[in-house]
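Worksheet: one structure, shown below.
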Amino acid sequence: MTRVVRQSLAVVQKELRSELRNRFGLNSMGMFIVTLLLVLLFSVGRTHLTPSITAALLFISFYVMAVSGLGRTFLAEQERGTILLLRSATSGSAVFIGKLLYNIGLSLLSNLIFVALFVVVIPGVWTGSVAGLILATVVLSVGFAAALTIVSALLARAAEKGMLTAVLALPIILPLVFLGVEILGTGAGGKGLTEMGPELSIMATYTIVLVALSFVLFDLIWKD
Amino acid sequence: MTAALLSFAVIIGVFLGLLFGGLDRPKPVWWKVMTSILLVGLVIFGFGIPMGGSFTAAEMIRDAEGGDVAVPVWVSKGDGTYLDRSGQTRTIDFSRLDAGERESAMGAESLIVTVTPEGDHWSAESLEWVDPPMTFPLIPALRERARNIFFHVPAAWIATMAWFVAAFYALRYTRRKDIDDDVRASSAAAVGFLFCATATISGSIWSRFDWGSFWNWDPRQVSIVVVLMIFGAYFALRSALETREVRARISSVYILLMALPVLFFIGVFPRLMKTLHPNNLTLNTEMSLLFPVAALALTLLYFWLTNLTVRIRLFSVRREEKRYASIMDRDGSSVQPVKVAMPSENERHEG
């Protein structure tokens, strides 16, 4: 057990190091968030945002950030030709846990920064519980990270990767779409954490089951 | 009750479909004859059994569509008046019928006539059936469209069941690594896609005429489209993977991963949203007998089609293996082909 934990942490460390080595990834992520926010601001203008439109805008932003940023986890290994090294050095579970943790971190970081800027830049857009917003963002980030990690692993060997990421991820993400938009809409309409609670707990359960199932299935992809 | 009968019929269908000949041997003759009889019977009875409403139904339709609409009602003879299935009596004026029809109407125990209201009584427009052996009730909102229930509902059930069949063989592939299991899984999904498309299209046409538009955001509409999307994504993934073994392995994992959305959209989602679908159908005896027959017949049709697809695909897999083996022989290579199993002489002739 401790060996798996150590190996997973090593995978996270390796990801962080290769990310920080050229700063390219983090910089482009920052620019992506700012650009996305500016596009939203310019297209919204002075229009008053209703709760459901706020929820939809937030959700589309999360989805775009996830598909563009997280879908490349395993493709990058395949393209650099480092996937064999990874395979020989560590066990499948460690790779999955490491990649998942790294993706969750990345997704949490970008989504929380985005949400903070979104709420500050468009005044009065979020009247509900702030804790609810943070909690919903955290659960959604984890769910997206889990879905895109396993889809990215599936697609590492496929021919047309870019198009297929969104297609394959959509059925797994759809439950999060329906629940997430509902929760964000409730919150944007000025409701507190208790009103957001039931859907939030269903979404958290779904995410946990998704992580567990992906963990079990990943071994089947990893073993050749 | 209806759902229980329907699921019972589907389970029987799964057993009958999988037990005899499985997915990759020819089905026995009696099996094919039985399935054909059930399917022909479904079409004949499903479309052929006449519909006759009650006077209440006729009044509802008259109120909705205007006074001169002729509605078929089923009546049995009381003394001087006519009794409908809800126990109401009305006088029917047969003077518009010609003499021969009037005579047979008078002699009958029960009949289906189309009627229009005329003051305080009903006037018979045409005689549809004399002593009909079987009748369907006329549901005012659905009328003849109610017959779609025998095709639409089983198709939706079978589409979901097809995912379970595909997932079963995908799981077996991940255990045994037998390429035949991947052929079975992908064929089960392909035929399931057909049934799923049937359910979606027949449902949205039905929805257009009864709920007002092709798409109503009904949770069951959403879930059937999700199942359709899952099958679509599965085939897109398969076509993007190059070698046979990688394709089998990766797509098996994908179909197993889809357990999550499938179970969510069947189990959780319909309870979160309001549905337009009726939860308790009230069917008369004829309808509730034909309904499970329809489910059984269409489930057997599903397994028949899957069986044919599997056998066609396995045939080309075997041919490829044979060609590979002969190349290896010619080159005198020491590498032995792993498995060369041709269908037996006997099977090839029957197939």
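Only the coordinates and a few stated rules stand behind these numbers; no lab work does. Since we're looking at a predicted model, the values are computed, not measured. Glycine gets a Cβ as well: all are built from the backbone with ideal geometry, and neighbour counts include every protein chain shown.
Taking a straight Cα-Cα cut-off under 14 Å and skipping sequence neighbours fewer than 8 places away in the same chain, the aspartates and glutamates within cross-link reach of residue B:27 are B:347, B:350. Between residue B:115 and B:71, B:73, B:125, the built amide H atoms are under 5 Å apart, and every one of these is 5 or more places off in sequence or on another chain.
With the simple model of a label 7 Å out from the Cα in the direction of the Cβ, residue B:106 to residue B:273 spans 5.9 nm. A simple count of charges around residue B:155, restricted to other residues whose Cβ falls under 14 Å of its Cβ and scoring Lys, Arg +1 and Asp, Glu -1, yields +2.
Taking the range A:125-165 and a reference point 7 angstrom along Cα→Cβ of residue A:194, the backbone N atoms nearer than 20 Å belong to A:127-136.
Tell me, what is the FRET efficiency for residue B:99 and residue B:68 to the nearest 0.05, using R0 = 35 angstrom and their Cβ-Cβ distance as r? Working shown, then result.
Details: r = 24 Å, r/R0 = 0.70.
My answer for the efficiency is 0.90.
Among the listed pairs B:177/B:322; B:32/B:322; A:223/B:177; B:32/B:177, a Cα-Cα separation exceeding 21 Å is found for B:32/B:322; B:32/B:177. If you run the Gaussian network model on chain B, springs between alpha carbon atoms under 10 Å, then out of B:57, B:188, B:155 the most flexible one is B:57.
Taking only DSSP H segments of four or more residues, each worth -39500 (n - 2.57), what value at 222 nm results for chain B once the sum is divided by all its residues, to the nearest 500 deg cm²/dmol? The partial results should precede the final answer.
Working: 12 runs with 216 residues, N = 351.
Only helices count here, giving -21000 deg cm²/dmol.
By the count of other C-beta atoms within 10 Å, a proxy for reagent exposure, B:11, B:327 are ordered fewest to most as B:327, B:11.
Using a Gaussian network model of chain B in which every pair of alpha carbons under 10 angstrom is joined by a spring, one finds that among B:316, B:251, B:123 the greatest mean-square fluctuation is at B:316.
Our estimate of slack between residue A:130 and residue A:91, defined as 0.36 nm per intervening residue step minus the Cα-Cα distance, is 10.0 nm.
Modelled spin labels at residue B:178 and residue A:4, positioned 7 Å past Cα toward Cβ, are 3.0 nm from each other. Across B:185, B:295, B:105, mean-square fluctuation computed from a Gaussian network of chain B (C-alpha pairs under 10 Å connected) peaks at B:105.
Can you tell me how the protein assembly as shown classifies by the Cα gyration tensor, rounded, prolate or oblate, using a/c under 1.5 as the rounded cut? Intermediate results must be reported in sequence, preceding the final value.
Values: a/c = 3.42, a/b = 1.47, b/c = 2.32.
The shape class here is oblate.
Approximating the spin labels as points 7 Å out from Cα along Cα→Cβ, the residue B:263-to-residue A:112 distance works out to 3.1 nm. Taking 0.36 nm per residue of sequence separation and removing the Cα-Cα distance, the residue A:60/residue A:46 pair yields an extension gain of 3.1 nm.
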